[in-house]
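Data first, discussion second: the structure below is written as structure tokens.
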Amino acid sequence: MTLDTVKHATESPEAAQPWKELGLKEDEYARIREILGRRPTGAELAMYSVMWSEHCSYKSSKVHLKQFGEKVPENDAMLVGIGENAGVVDVGQGYAVTFKVESHNHPSYIEPYQGAATGVGGIVRDILAMGARPVAVVDPLRFGAADHPDTKRVLPGVVAGIGGYGNCLGLPNIGGEVVFDSCYQGNPLVNAGCIGVMKHEDIHLAKASGAGNKVILYGARTGGDGIGGVSVLASETFESTGPAKRPAVQVGDPFQEKLLIECTLEIFKEKLVDGIQDLGGAGLSCATSELASAGSGGMRVELDTVPLRDATLSPEEILMSESQERMCAIVEPDKVDRFMEICEKWDVIATVIGEVTDGERLEIFWHGEQIVDVPPRTVAHEGPVYHRPYARPSWQDALQADDAAKLPRPATAEELKDQVLKVVASPNQASKAWITDQYDRFVQGNTILAQPEDAGMVRVDEDTNLGVAMATDGNGRYAKLDPYAGAQLALAESYRNVAASGAKPLAISNCLNFGSPEDPDVMWQFAEATRGLADGCLALGTPVTGGNVSLYNQTGETAIHPTPVVAVLGVIDDVTRRTPIAFKEEGQLLYLLGETGEEFGGSAWSGVVHDHLGGLPPKVDLERERLLAEILISASRDGMIDAAHDLSDGGLVQAVVESCLRGDKGARLVVPDGLDAFTFLLSESAGRAVVSVPRSEELRFTDMCGARGLPVTRIGVVDGDAVEVQGHFALSLSELRTAHTETIPGLFA
Amino acid sequence: MTARIGVVTFPGTLDDRDTQRAVRVAGAEAVPLWHRDKDLKQVDAVVLPGGFSYGDYLRAGAISRFSPVMESVIDQAKAGMPVLGICNGFQVLTETHLLPGAMLRNNHLHFICRDQKLRVESDRTAWTADYEAGQEISIPLKNIDGRYVADERTLDMLEAEGRVAFRYLDVNPNGSLRDIAGITNEAGNVVGLMPHPEHAVEPLIGTGRTDGLGFFTSILKKLVDAR
Amino acid sequence: MARVVVDVMLKPEILDPQGQAVQRALPRLGFQGISDVRQGKRFELEVDGPVDDAALARIHEMAETFLANTVIEDFVVKVEATENAVGADK
Amino acid sequence: MARVVVDVMLKPEILDPQGQAVQRALPRLGFQGISDVRQGKRFELEVDGPVDDAALARIHEMAETFLANTVIEDFVVKVEATENAVGADK
Ligand SMILES: Nc1ncnc2c1ncn2[C@@H]1O[C@H](COP(=O)(O)OP(=O)(O)O)[C@@H](O)[C@H]1O
Ligand SMILES: [Mg+2]
């Protein structure tokens, strides 16, 4: 096998190259030749092709994501914005929090356990790379129909993978979502989020500066994982000698990752690194080019020094390998020894693979010969940008005209009761405890709230009781009906969930799951959703700190529902003031905050009872969301409420049932004047929450709502062992508990 | 001077910092112990905390058992030093044969995290003196290899000698034989259990109960009284 | 009744964290000279009827679709010569 | 270099829920006639030197003290006849 060196490439300008097979477009290949002033070497071609892929370069989404940086709300909390491994916000008392959500959709369909496991591993390394100790994970998940046979393959594997990896790392899982919809049948969405905590001065960035500083690769050995595209390279340009087909699947080793976390935190503590980057998609190609691109100067790497698991790997493959559990650090020469000692202490393999140079190029050598010589920015940050055509789909009007208002409503109290029970027991509304009980929510000893609470909450400081909360939400049905409003509803729901727990929403991350950007319909959904989210964040004062885009989520021509998932991070000064969802005290009064209209488009009721999706999603009123959040936070701080639960899919009755089951207490509800029982129970109007108020606080609480202009309606009392809607029906707690808790185990256990 | 309680960290241990906190909450001094060191730093008692030491690869606890620190812990335990193994720590103790039996994959094959009700069957161990025999407590349980098994003879012996220290109540979460959640050695100084008392020492955190604090106050009292 | 064994091992190119952990522990336990360890699964199936070609073909299919995850694992099907069977053969 | 295999299975009297789960799933997948399934572990050890009696004794000890937990598991040590070895034997 002849090595395709820079010299060789210069001398053989006409050699045919498999740029097309590697997913590059003709003009992209031409641009690479233009940048380099020659044809790329095989290694360079491999690097450009992965770094310019949709996944790494965001080439289709970039022009829309720009808005998140342009429409930034006034917010003093923001410390590090979009562009780094994860954003960072100030949560007070000298603490900073970093958080992010990422997708691992496609790998999880092929190999559910490992796909989901390595998804957790990847997001945790992102958080670690910012300088933070990871303190919690969340997992928004979407699967095909609950009763589809393939869901029985995918869901248990994904859940076991998330648990298997996260539990072994010692990260409490404090929230997420489980949604079923046949649109995700061939394309489940496995998103994973992580929160990390550090002191302000510990923030680290991914940059390589200071000529002479060492580049250290540490963690797992490099194997042939996840280098699908490169096998093309190996077979087409070179005579293939090594194993012909490399696995596209990566296998995770959570034990190795746990060591990597502890080792890295100890290294941070001794201030031994200048810049640091995790290895994720595109492996070393990504880490070296991004570090060099973000820093000053160039970088020189001796690829032979990389510790291998498989000695037959070609240099291209080493550059591309997505072997898990690896990090890359920039270390001053006199700190290298100490760095190595700490790695040895934790049984972590560490190797100096190169150094920062005072040049401007990323140069990579193999057996003494140069195989890469590129300006790093052109690889990492100056990839192609597409302005993909988009247009409102021809079917959008018809979909919106198919109003859910015309669906037959329950005619009798008995029918209403049956439909309520059906909604509560439907896979989407049913308890997810069978799933979430496979996750450790207690580890680290700081968990204040976890599933099934509205938001997860962890204590950050044992002495002051400072804490942070996070919720993740998305509703593909709403977004399908109106992507702009759907994105805002996802944001609003997540924001409301955080506020309901008593925390003040600070900032957001997101994971935008969409179909093919080459489809103008999908691109329109994407454009609308990002515009909605950016406008929404501006209105709510919660900046976007980062996120992730997952495109090409489709089966054949059929795209998934547009599914923007939003994670809102909040802060609470005193976790002892947190608000749980459980109704626990008999005699407490139940109040509905916000206004209820007849809003059934995209609702759980329309889906469960009528298998219908049409009309418009609930109206968005972000000013109202803001006010509601303020009231919920003040009420929690001043001890005016003992429980709060936000209202979302399934409407009021769903929330009341969950709060009753959680507290093991019943509720007597009265349908307020001006509302019919059906609308009262099942409408999904946004901007609402239900709270449980001690009688001694009633006046103070309603006065506060009145003074600030938030509609508040007394709807009942915590009492008995049934959910009773006076004059209509009663459902015993035991009947509700059976309906709510037996669905998921019935399907998957 | 208060008691010094060592908390061992193996590679992959997860609950070491929580256990140190629990020791402190009870009023004792927590002394971190590292798996590579034979030196127990003159501690008065040792806790082997939960987690996935060595990833639980091979079998839970199988690799940790051979660490240098365990050589000392085994010697000292045989000489009467109080040792508590929680979850992975319990698994290590069975692998060392300081405690009889073995831990296997849960009968339902899933990891399970729940608030678990237990009965404290014995208040005669070093770690349970602050409870009363028969007392019911709830503390978190979280594991995938939590099914306690031993042959019939061993089980009968444990029962006869009053060495079943904790039993699951309401639900047997993993198929453990005779609902056994934890056991003790003959002398009562070595105790192992699957559920996690260290996650139940502060109100608000986790399940919001403090039912696990008794483990740490028991040992503290015993050690201080012994002085 | 006969016993058929299906051995399932991770493909050679796939990371085997368990095997690696075992191998790394061996020197510490005083066992030298083992250069690699891979850990896999062994299934022992008790087959009711005769283990003829048809039965083996079915078991092969079962291994391929169910016992092994061929995305990451290889498998081998073997008929176990039970003590008796061996005796009878001779 | 030679390969030695250590098979570790749960003792017959110990409940094997993994094996049972496999067995229960088989009829649903259309596989009949398997009356029992047990799932165990298979270790493939690559031995550096010759696999003589001394080496096998060491591996036996390794299996007994480490690879298997004899409270619950039985084990068998086998020298794997590689293709070559078989040829050579004949
Ligand atoms: N995959 C999951 N992982 C962790 N927690 C989950 C998961 N799915 C659902 N949950 C939790 O279950 C509870 C109910 O979820 P959901 O109905 O989606 O909440 P909401 O509608 O209030 O956003 C929440 O606490 C949520 O965090
Ligand atoms: Mg909620």
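Quick one: helix A:254-269 against the long Cα principal axis of chain A, what's the angle to the nearest 10°, folded into 0 to 90?
Roughly 80 degrees between the two axes.
If we count GluC sites (Glu not before Pro) as exposed when they sit in a DSSP loop and have at most 16 other beta carbons within 10 Å, what is the longest stretch of chain B that avoids them all?
Segment B:1-131 is the longest.
To the nearest 0.05, how large is the calculated FRET efficiency for A:Glu360 and A:Thr2 if R₀ is 45 Å and r is the Cβ-Cβ distance? Please report the intermediate quantities before stating the final value.
Working: r = 29 Å, r/R0 = 0.64.
About 0.95, to the nearest 0.05.
Compare the peptides A:737-748, A:5-16 by average per-residue count of other Cβ atoms within 10 angstrom and give them in order, highest first.
A:737-748, A:5-16
Expressed as a whole number of Å, what is the distance separating the alpha-carbon centroids of the range A:1-66 and the range B:41-63?
Here the answer is 50 Å between Cα centres.
How would you rank A:His387, A:His612, going from fewest to most other Cβ atoms within 10 Å of each one's own Cβ?
Going from least to most buried by this count: A:His387, A:His612.
Once you list every other residue whose beta carbon is under 12 Å from the beta carbon of B:Asn106, what net charge do they have if Lys and Arg are +1 and Asp and Glu are -1?
+2
Between the range A:308-375 and the range A:503-580, what's the alpha-carbon centroid distance in Å?
When both Cα centres are located, 35 Å separates them.
Alpha carbons only, please: Rg and Dmax for the range A:605-729, in angstrom.
Cα radius of gyration and Dmax of the range A:605-729 are 15.0, 45 Å respectively.
With each pseudo-label sitting 7 Å past Cα toward Cβ, what's the A:Ala401-A:Asp461 distance in nm, one decimal?
It works out to 6.0 nm between the two label points.
Could you derive backbone 3J(HN,Hα) for the range A:73-88 from the dihedral phi with the Karplus parameters 6.51, -1.76 and 1.60 (θ = phi - 60°), listing whole Hz in sequence and x where the residue is Gly or Pro?
3J(HN,Hα) across the range A:73-88, in whole Hz: x, 4, 7, 6, 6, 5, 9, 9, x, 4, x, 8, 4, 7, x, 10.
May I ask you to list the residues of the range C:29-44 whose amide nitrogen lies under 20 Å from a point 7 Å from Cα along the Cα→beta-carbon direction of D:His60?
C:30-34
For the range B:107-191, state the average projected area of the convex hull of the C-alpha atoms over all orientations, rounded to one decimal in nm².
Averaged projected hull area, Cα only: 5.3 nm².
I'd like the orientation of helix C:53-62 relative to chain C: the angle between its Cα long axis and the longest Cα principal axis, in ° from 0 to 90, rounded to 10.
Relative to chain C, helix C:53-62 is tipped by roughly 40 degrees.
Using a simple spin-label model with points 7 Å from Cα along the Cα→Cβ vector, what separation in nm is obtained for A:Glu270 and A:Ala145?
Computed distance between label sites A:Glu270 and A:Ala145 equals 5.9 nm.
Of the beta bridges DSSP finds with both residues in the range B:1-57, what % are antiparallel, to the nearest 5?
Numbers: 1 of 10 bridges.
Given both bridge residues lie in the range B:1-57, the antiparallel proportion sits at roughly 10 percent.
As a test of the formula, what do you get for chain C when each DSSP H run with n ≥ 4 contributes -39,500 (n - 2.57) and the sum is divided by the residue count, at 222 nm and rounded to the nearest 500 deg cm²/dmol?
Helices in chain C give a 222 nm mean residue ellipticity of -9500 deg cm²/dmol.
Starting from the Cα-Cα distance between A:Thr738 and A:Asp574, subtract it from 0.36 nm times their residue separation and give me the gain in nm to one decimal. Spell out each step's value before the answer.
Working: separation 164, 0.36 × 164 = 59.04 nm, distance 3.59 nm.
Full extension of this stretch gives 55.5 nm more.
For chain A, just say rounded, prolate or oblate: build the C-alpha gyration tensor, square-root its eigenvalues into a ≥ b ≥ c, call rounded for a/c under 1.5, and beyond that prolate if a/b exceeds b/c, oblate if not.
prolate
May I ask you to derive the relative contact order of the range B:151-227, considering only C-alpha pairs under 8 Å and at least 6 residues apart, and to give it as an integer percent?
After rounding, I find 17 percent.
Over chain B, what relative contact order in percent results from Cα pairs under 8 Å that are six or more residues apart?
Working: 551 pairs, mean separation 46.5, N = 227.
Reported as a whole number, the value is 20 percent.
Multiply the residue separation of A:Glu21 and A:Glu344 by 0.36 nm, subtract the distance between their alpha-carbon atoms, and state the gained length in nm to one decimal.
Computed gain between A:Glu21 and A:Glu344 is 112.1 nm.
State whether the range A:384-465 is rounded, prolate or oblate according to the following rule on the C-alpha gyration tensor (a ≥ b ≥ c being the square roots of its eigenvalues): a/c under 1.5 gives rounded; otherwise a/b larger than b/c gives prolate, and the remaining case gives oblate.
Here the range A:384-465 falls in the oblate category.
Between beta-carbons, use under 14 Å as the cut-off and find the net charge around A:Arg361, counting Lys and Arg +1, Asp and Glu -1.
That works out to -3.
Over the protein assembly as shown, what is the percentage of antiparallel beta bridges among all DSSP beta bridges, to the nearest 5? If you can, show how the numbers build up before the last one.
Working: 155 of 194 bridges.
Among the beta bridges of the protein assembly as shown, antiparallel pairing accounts for roughly 80 percent.
Return A:Ile318, A:Ile82 ranked ascending by Cβ neighbour count within 10 Å, so the fewest neighbours appear first. List each step's numbers first, then the result.
On the way: A:Ile318 26, A:Ile82 18.
Ascending number of Cβ neighbours within 10 Å: A:Ile82, A:Ile318.
Around A:Asp573, under 9 Å between beta carbons, what's the net of Lys plus Arg minus Asp minus Glu among the other residues?
On the way: positive: A:Lys504, A:Arg577, A:Arg637; negative: A:Asp574.
Surrounding charge for A:Asp573 is +2.
Tell me, in nm to one decimal, what length is gained between A:Val385 and A:His610 on full extension, where the rule is 0.36 nm per residue of separation less the Cα-Cα distance?
Result for the pair: 76.7 nm of gain on full extension.
Counting only other chains, and only Cβ atoms inside 10 Å, what mean value do you get across the residues of B:47-60?
Whole-number average of other-chain Cβ neighbours for B:47-60 is 6.
For the pair A:Ala311/D:Asp48, report the inter-label distance in nm, with labels modelled 7 Å from Cα in the Cβ direction.
Result for the modelled spin labels: 1.4 nm.
With an 8 Å Cα cut-off and a minimum separation of 6 or more residues, compute the relative contact order for the range A:567-650 in percent. Let's see the in-between values first.
Values: 54 pairs, mean separation 35.6, N = 84.
It rounds to 42 percent for the range A:567-650.
Assuming a ≥ b ≥ c are the square roots of the Cα gyration tensor eigenvalues, decide whether the range B:76-227 counts as rounded (a/c under 1.5), prolate (otherwise, with a/b larger than b/c) or oblate.
oblate
Evaluate peptide C:3-15: per residue, the Cβ atoms of other protein chains within 10 Å of its Cβ; return the mean as an integer.
5
Quick note: the coordinates plus some simple rules give every number you see, no bench work behind them. The shown structure was predicted, so the numbers you read here are calculated from the model rather than taken from an experiment. For neighbour counting, all protein chains shown are included, and Cβ atoms are generated from backbone atoms with ideal geometry for every residue, glycine included.
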